[in-house]
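Here's the structure, in structure tokens; my notes come after.
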Amino acid sequence: MKRRTSQHDPNLIVTVESRRPLLYSEGPSAALDRPAHVRAGSGLAWLPIDGVPRLVVAQDDTSFLAVVDPNTGRVDSIQLDHAVEGRRQFDAGRGNKAHKLDLEAACVVHHAGRDRVVVFGSGSSPARQRVVVVEPRGPSARLVDATPFYAALRACHAFSGSELNVEGATALGSSILLAQRGNGQPRGGLAAVDATCEWPLVAALEWLDAPGPQVPPISGVVQWDLGSIDGLRLTFTDLNARENGVVGYLAAAEASPNAIDDGVVLGTAWGWFDESEARWALIRNPDGTPLLDKAEGFVWSAGGSGRGFAVLDSDDPARASELLELSFEGLPGRG
């Protein structure tokens, strides 16, 4: 197991260029228990639908994925086959938070001539040990009970630490790189850790198509020190790799009491790492003040423009999640 540290970089400037609330174009549906807005953006991935790139937005507290056209602002939904007593929205106010899928990480994978998006539950409770596989045709989605996979992650204490909480995923080379968020409480002699690990991509997709007790092994565990804001540790909230192997990531400084409950956010950082370096900076608003919202999903913009998109989770069911466009300065040679 390796240990790495991401260094604060005063020359790295990450700015919110625009922000857009995500409202379903079809409006709410009482019959489906779908709200008017995307409630909790927790992951992002590009998926070509009818040959046109769209953003798939994972949500941690509803049984819907959102599909966003960043050019027009249109927002559609994909209904997931998960309802409890007819409800597809889950929160403390409804008294059903324990039933949510807690989908926290999304990545696009290319294999056998086709693209799919794989969305991971956090694994922080039995109900959250599901993986969603999204096909562009339709688009459609299917739920996979991935309990053996999460058991393997949890058993690898170098990765999971005291409380398993998968929050990031991206395809990187021949693997899916997963990120563990270290916002849990110490227990059983284990500390909360931020970590990454590799899951072999082709074998993982084959297992998700036909899950069984034997899970393709994870490897390449790296534990991370991501820095801190006012003494509060930064912890992973997403990953997204570029073709050149540079991985962009999000990390939040959140005073959460454990891996399940939310807390006050002191700031969100954006950073990058490759095989030899790791750097980070606070995300800032156009006026230079720090972004105090929790960004939980990130993708690089298409076409190598040197920009990216992030999605917010406000931890407020009544407030629409927002799509941010980010600009970057201070990435010499990486555009």
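Odds and ends about this structure:
- Exposure proxy for Asp238, Asp194, Asp76, Asp50: other Cβ atoms within 10 Å of each Cβ, ordered fewest to most, give Asp50, Asp76, Asp194, Asp238.
- Debye-sum result for the range 34-100 in log10 I(q)/I(0), which assumes one identical scatterer on each alpha carbon, at q = 0.21, 0.22 Å⁻¹: -0.84, -0.90
- Residue with peak Gaussian network fluctuation, the chain [Cα springs, cutoff 10 Å], from Leu164, Leu291, Leu234: Leu291
- Between Met1 and Arg154, full extension at 0.36 nm per residue minus the direct alpha carbon distance yields a gain of 53.5 nm.
- Summary value for the range 2-329: 21 percent relative contact order, contacts being C-alpha pairs under 8 angstrom separated by 6+ residues.
- Solution diffusion estimate, µm²/s, Stokes-Einstein, the range 190-335, Kirkwood Rh from C-alpha pairs, 4 °C, viscosity 1.567 mPa s: 76 µm²/s
- Among Pro186, Pro200, Phe309 - extreme Cα towards positive end, dipole of the chain, charges at beta-carbon: Pro200
- By the beta-carbon count within 10 Å of each Cβ, the least crowded to most crowded order of Glu26, Glu85, Glu254, fewest first, is Glu85, Glu26, Glu254.
- Local electrostatic count at Ala169 - Lys and Arg +1, Asp and Glu -1, tallied over other residues with Cβ under 10 Å: -3
- Here Glu275 and Ala98 are evaluated by their C-beta separation; at R0 = 45 Å the FRET efficiency comes out at 0.65.
- Equivalent ellipsoid dimensions for the chain as semi-axes, Å, which come from the Cα gyration tensor, largest first: 26, 24, 21
- Spacing of the modelled spin labels on Arg319 and Ile13, each 7 Å from Cα toward Cβ, amounts to 2.7 nm.
- Lys, Arg +1 and Asp, Glu -1 on Cβ, resulting dipole of the range 1-50 about Cα centre, debye, nearest 20: 380 debye
- With a Förster radius of 25 Å applied to the C-beta separation of Ala31 and Arg142, the computed FRET efficiency comes to 0.70.
- Of the residues Asp230, Asp209, Asp274, the one that moves most in a GNM of the chain with alpha-carbon contacts below 10 Å is Asp230.
- Oblate is the label for the range 82-209, because the ratio a/c of its alpha-carbon gyration tensor axes (a ≥ b ≥ c) is 1.5 or higher and a/b is not greater than b/c.
- Least to most buried among Ser160, Ser175 (fewest other Cβ within 10 Å first): Ser175, Ser160
Here, each number is a calculation from the coordinates, and none is a lab measurement. All of these numbers come straight from a predicted model, not from anything done at the bench. Please note: Cβ atoms are built from the backbone with ideal geometry, for glycine as well, and neighbour counts cover all protein chains shown.
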